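A.B. asks: Let me give you the structure first, and then I'll get to my questions.
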């Protein structure tokens, strides 16, 4: 049994708390949120203790691992404090919006060889993982091109967008990590974007639609297409092309039913609506893997450096849009 | 160049006439229809001569092959006369509605070893042919079960139904032939049916919906499902199961476009609407094969006996409904 | 919290026991199996008490509901005893192999108005349930035809087959129930079958391949195709045709990945292998529904009569094969 | 009847010649090729006269329309001469590899208001055309993003690559035209590419893999992915996203057959192998449209300016790779 605390009890934190409370090899000791009502509701739902402050959690011997799901601006500080308190950390993405701070923090904690995992949940999706394993097994020969489609069903609240770091650091960051998961480190990035979904997003200084090209150090090429709007649900697909063929991973739906009628045939359900629905099994597998790492003393498959590199790609994409240049990363 | 005459210039006869007129190895010499306007229109469209009577056609040295597409009640008489005039014959299905007459006629012409082909066009559909070839090549091992789905977009005019010989002899006869094409001769038939589409069809003494089970002499089993109505087009599908797997042949559509929206995803076009649209390439391949047979002096892949056996299965299905028994055919 | 006991800790019983042990509204008090090791293993895995005999379970005030998953020959006796002990009962299919006993037992218990549910798990599959709801909502108009494909990945052990009551009572019984779920009560049955998979099954007096036609009292028609072997997994599909179109429910796979290469394109994973994998969420939903029924005092959606009617259809199919007749049920 | 000459009897020229010879409203008067054997073979196959030189064709009153399918370096000169001889012209893509020459030639001929059509055959593909019509009809609301997948089954001979103008001017030019067909004129282009398929292509100074991003003047975004190799055939797909959903146009296969077995399920045929196979009906529809334009005196849907703009996008993509910049087009 690995004893956990969850810091941050919003939508994703409370989901993690419930997953931990039901997990056969985990025990949820504490929950904390700066909004006490949120923490109290999660404590009620899970049977965990309600912590009055972060130090109560970090100072407790009942806590071996901390899951950080608070607002982005608090991630890095909590991560450092938790590591310094000797805890293993699973931190939601992004680690931070400032690459310099991310690097400085690493200098501060690296000697401890901390167990830090970043919440890139898509690596734990059974279909994406199978696609990667099949690439690595050689089914399509040398990997040449990847196309990642990633479209949210609708934009988040404007207040969230304003503090999110923008589309690339908040949303595309998952796709950047997926590209690295499939293709390794990157050599160059270019991006184009626009404000096609909601003018208010543009007024808030962000884009809501983007197309990014990546060149990997291996020479392989990748395209990402993003939108903050998708009428048919949470569109999450990958295509990987190689010398011997292509592997595709498609969308998922609540049922297998299709309708055939005068207006259309083989019409399927809208795809699962958003990350909580689509990645339910992935979030569970992510926790499984983190518990494994703690129990076996091994490094997580997706660590601090992965969080850092995805952020670096987001920054490069922003720079590409600002300068109209393809940004080199080496 | 094989010189042809077409007898019967209705919907299917005029289509055949056009196909023959454009065929690189065929020449359409004559067309004839008891309704002179129909024949004249086809003559106009194809450049063929308009025959005033059947004997003008059968007596002409310019005619080597006769395509019979007149009303069902005239098929057998024309077939016999054409054979006796030394012509090769491609006759639309069914040969006749009366098995005894079919057998008697065969006795009359068999000594001539005539080149007679029956218009079971579906055998020439590229997908169904590929399915059969792959079965015979052993891809699914020993064939165990076949499911044939065959549904017309809508019922024919009542007047047609009244002279059609009924659902089994008019429509299912294609499926009986397909079952024999895939599985060989049959050992037993049972059928259930109903009048679910249009009460007028029931008043005309016919059914419009049927489900038939067949047991082949090989022991393999087959199900056919039929309806005179299908909202999404002409539903024509086959599944063949064997020890090593299944082969499916699906419906065909005018485009590959699919729509993904809030109400449905991956919604495709309705399927091609009816036999003229769906089996256009099959009708051309059917003619090709018949021309080949004449030029090379070989027997057609689908001959008089196939026409006879499909009719026998239709009769057995009718008997099964009338008696509530599974009808043995050996 | 509804307190449960599980009688029978084989493959399906131990699965139910685990589901109950994890269920938020159920508590697993006891497990019992005539093979003590099986019961002990399940007790270990779930924390339930190990009952030494059935009466210990039925006499306990800690038990409100009994889940019967023992061998078929014990179902009916345990069901009656549990009802007479005042317990709610969820009984695996079939209730029994003898329709007369099924009816006699009902006479014995019916005055108690017992809460009895039969384990036709497929009614709780999200896709089949959605298909039925959409039919009932009128999406395809009046229901005219249903095609049920139901093929096991491989035959059970011969010893099981010998005591199973045969293909129709053991395997097709699920499809008979599905037909009734979609179409209501039946008017007539005919069936053909064969021994195509394994000669040993034939020597044991059973068939391993079958095709069944049903006529519902509504006039709608249904075909079922069954095999004890399927190379690509557990083939479980339904098509429902009506005036306005068709609804299909398809197979399910572990991932959405497809491969496109020189030999084949869009190649998907084999389908989920068997009932435990395919119907995991359905078994959970089945328990949910049963717990609901107990908590709210309402009748299960699938009761004693449904178990009886499915058995009656299996008997009729057997009679149809024996007599070569379509068997009338009214 | 529109009287045609075909200049250039290579692979695509001889296909056009056969299409014209069979066309009900066209007559193929002449064929010409600098390689006399090629012209003679096409003359034989079509019954057209063999021209000894271009001027024989351009000077003939029997020729109203010229189809130019010779090598790229001759296109523009022939186009200008044919226009000056008063002929309507259907010219294969690209018009030329030099944008300055393209513009200068237009200055020379524009006063004649010539009927010039450029052979962007994909605009006449039924699926792509339906996709565009449905976008324009408003089915997905305002168009936001387009993804074009376009991969050849294998690279052309090196000698061809050396004179082709490179991937963007030879192959992507079709995709640039498709992007304009769907989205209108472009505002910006960036591209990344690589030599992943065959080192010899790199040595010849070209890339064989590319990913291009386009920003339309409307603000909509487009991605194109290209490869000179595709194991499963000629991969030609489009996705168009808008406010209300997505339209996809997929690949095409020779049959509808799928295989379901132990290793894979729903496995389809490789897709149609290359442009001749895939775009057979599109090439016919292209001719139909051109004949219509001549007969009715209307401008072709895809004219000289479209040929010029696609070339300009190819040049911009090359510049983007050379400079690492997003190239503005306004």
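Derivation of every value follows stated rules applied to the coordinates shown; laboratory data play no part. None of these values were measured; they are calculated from a predicted model. Here the Cβ is made from the backbone with ideal geometry for all residues, glycine too, and neighbour counts use every protein chain on show.
A.B. asks: Could you give the angle, 0 to 90 degrees to the nearest 10, between helix A:11-22's Cα long axis and the longest principal axis of the Cα atoms of chain A?
C.D. replies: 60 degrees
A.B. asks: Now for a different question. So if we plug the beta-carbon distance of residue B:274 and residue D:288 into 1/(1 + (r/R0)^6) with R0 = 25 Å, what FRET efficiency do we get, rounded to 0.05?
C.D. replies: Working: r = 24 Å, r/R0 = 0.96.
About 0.55, to the nearest 0.05.
A.B. asks: Per DSSP helix of 4 or more residues, -39500 (n - 2.57); summed, then divided by the residues of chain B. What does that give at 222 nm, rounded to the nearest 500? Working shown, then result.
C.D. replies: On the way: 12 runs with 126 residues, N = 330.
Result for chain B, helices only: -11500 deg cm²/dmol.
A.B. asks: Out of A:300, A:155, A:199, any idea which swings most in a Gaussian network model of chain A, alpha carbons joined below 10 Å?
C.D. replies: Answer for the Gaussian network model of chain A: A:199.
A.B. asks: Across peptide A:203-216, how many C-beta atoms of other chains are within 10 Å of each residue C-beta, on average? Each step should come with its number before you reach the end.
C.D. replies: Working: counts 0, 0, 0, 0, 0, 1, 6, 3, 12, 3, 10, 2, 4, 1.
Across A:203-216, the average partner-chain Cβ count within 10 Å equals 3.
A.B. asks: Label position 7 Å from Cα toward Cβ: report the copy-to-copy distances for residue C:61 in nm, one decimal, ordered from shortest.
C.D. replies: Relative to the other copies, residue C:61 has label-point distances of 4.3, 11.2, 11.7 nm.
A.B. asks: What is the distance, in nm, between label points placed 7 Å from the Cα along the Cα-to-Cβ direction at residue C:112 and at residue D:329?
C.D. replies: 8.0 nm
A.B. asks: If you project the alpha carbons of chain C onto the principal axes, what extent comes out on each, in Å, largest first?
C.D. replies: The Cα atoms of chain C stretch 57, 52, 47 Å along the principal axes, largest first.
A.B. asks: Moving on. If you average the alpha carbon positions of the range D:115-168 and of the range D:21-96, how far apart do those two centres end up, in angstrom?
C.D. replies: Between the Cα centres of the range D:115-168 and the range D:21-96 lies a distance of 25 Å.
A.B. asks: What's the average, rounded to a whole number, of partner chain beta-carbon atoms within 10 Å of each residue's beta-carbon in D:322-330? Kindly include the intermediate steps, with their values, before the conclusion.
C.D. replies: Working: counts 0, 2, 8, 5, 9, 1, 1, 0, 0.
Rounded to a whole number, the mean comes out at 3.
A.B. asks: Given the range B:108-182, what whole percent of its Cα pairs are spread farther than 20 Å? Numbers along the way, then the final one.
C.D. replies: Details: 1372 of 2775 pairs.
Tail fraction, whole percent: 49.
A.B. asks: Taking 8 Å as the Cα distance limit and 6 or more residues as the minimum spacing, I'd like the relative contact order of the range A:182-330 as a percentage.
C.D. replies: 25 percent
A.B. asks: Alpha carbon centre of the range B:252-298 versus the range A:179-250: separation in Å?
C.D. replies: Each part reduced to its Cα centre gives a spacing of 37 Å.
A.B. asks: For residue A:35, put the label point 7 Å out on the Cα→Cβ axis and report which residues of the range A:162-177 keep their amide N under 19 Å from it.
C.D. replies: The answer is A:162-165, whose backbone nitrogens lie closer than 19 Å to the label point.
A.B. asks: Another question, if that's okay. Which single residue of chain D puts its beta carbon nearest to the axis of rotation relating D to B, and what distance, in whole Å, does that give?
C.D. replies: D:22, 4
A.B. asks: Then there is this: Given C-alpha coordinates of the range B:216-330, what is the ratio Rg to Rh with the Kirkwood estimate of Rh?
C.D. replies: On the way: Rg = 19.2 Å, Rh = 18.3 Å.
Over the Cα atoms of the range B:216-330, Rg/Rh equals 1.05.
A.B. asks: In 5 Å bins starting at 0, how do the alpha-carbon pair distances of the range B:141-253 split up by percent?
C.D. replies: 2, 12, 22, 22, 18, 12, 8, 3, 1, 0
A.B. asks: Taking only Cα atoms, what is the 0 to 90° angle, nearest 10, from helix A:304-323's long axis to the longest principal axis of chain A?
C.D. replies: 50 degrees
A.B. asks: For a footprinting-style exposure proxy, rank C:136, B:23 by other Cβ within 10 Å, fewest first. Before the final figure, lay out each step's value.
C.D. replies: Values: C:136 10, B:23 17.
Ascending number of Cβ neighbours within 10 Å: C:136, B:23.
A.B. asks: Alpha carbons only, please: Rg and Dmax for the protein assembly as shown, in angstrom.
C.D. replies: Every Cα atom of the protein assembly as shown included, Rg and Dmax give 35.2, 109 Å.
A.B. asks: Right, something else. As a footprinting exposure proxy, order B:27, A:64, B:36, A:286 by other Cβ within 10 Å, with the fewest listed first. Mind dumping the intermediate values first?
C.D. replies: Working: B:27 16, A:64 19, B:36 13, A:286 25.
The fewest-first ordering by Cβ neighbours comes to B:36, B:27, A:64, A:286.
A.B. asks: I've got another one for you. So what is the relative contact order for chain A, in percent, with contacts set as C-alpha pairs under 8 Å and at least six apart? Kindly include the intermediate steps, with their values, before the conclusion.
C.D. replies: Values: 650 pairs, mean separation 60.6, N = 330.
With pairs under 8 Å counted, the relative contact order is 18 percent.
A.B. asks: If r is the Cβ-Cβ distance from residue D:103 to residue B:84 and R0 is 51 Å, what FRET efficiency results, to the nearest 0.05? It would help to have the intermediate numbers written out before the result.
C.D. replies: Values: r = 74 Å, r/R0 = 1.45.
For residue D:103 and residue B:84, the calculated efficiency is 0.10.
A.B. asks: Report the calculated FRET efficiency for residue C:77 and residue B:218 (r = Cβ-Cβ distance, R0 = 60 Å), to the nearest 0.05.
C.D. replies: Numbers: r = 44 Å, r/R0 = 0.73.
My answer for the efficiency is 0.85.
A.B. asks: At 0.36 nm per residue, and after removing the present C-alpha to C-alpha distance, how many nm does the segment from residue D:262 to residue D:158 gain when stretched out fully? Could the numbers behind the result be given before it?
C.D. replies: Working: separation 104, 0.36 × 104 = 37.44 nm, distance 4.13 nm.
Full extension from residue D:262 to residue D:158 adds 33.3 nm.
A.B. asks: Can you pull the mean other chain C-beta count within 10 Å for peptide A:229-240? Display every interim value, and only then the final one.
C.D. replies: Numbers: counts 5, 6, 13, 12, 3, 0, 5, 1, 2, 2, 7, 1.
Mean partner-chain Cβ count within 10 Å for A:229-240: 5.
A.B. asks: Put the label 7 Å from Cα along Cα→Cβ for residue A:204; what are its distances to the other copies, in nanometres, shortest first?
C.D. replies: Once sorted, the set of distances for residue A:204 reads 5.0, 6.4, 6.4 nm.
A.B. asks: Would you mind ranking A:163, D:258, C:227, B:70 by Cβ crowding within 10 Å, fewest neighbours first? Write out the running numbers ahead of the final one.
C.D. replies: Values: A:163 11, D:258 25, C:227 28, B:70 22.
By the 10 Å Cβ count, ascending: A:163, B:70, D:258, C:227.
A.B. asks: Same structure again: Please grab the % of Cα pairs in the range B:2-114 that end up more than 20 Å from each other. Don't skip to the end; give the middle numbers.
C.D. replies: Details: 2207 of 6328 pairs.
Tail fraction, whole percent: 35.
A.B. asks: Related question: If you line up the long axis of helix A:126-136 against the longest principal axis of chain A, both from Cα atoms, how many degrees apart are they, to the nearest 10?
C.D. replies: Result, in degrees: 70.
A.B. asks: Shifting gears a bit: Treating the point 7 Å from Cα along Cα-beta-carbon as the label, what are the nm separations from residue B:277 to the other copies, to one decimal?
C.D. replies: Counterpart label points of residue B:277 in the remaining copies fall at 2.6, 3.3, 3.9 nm.
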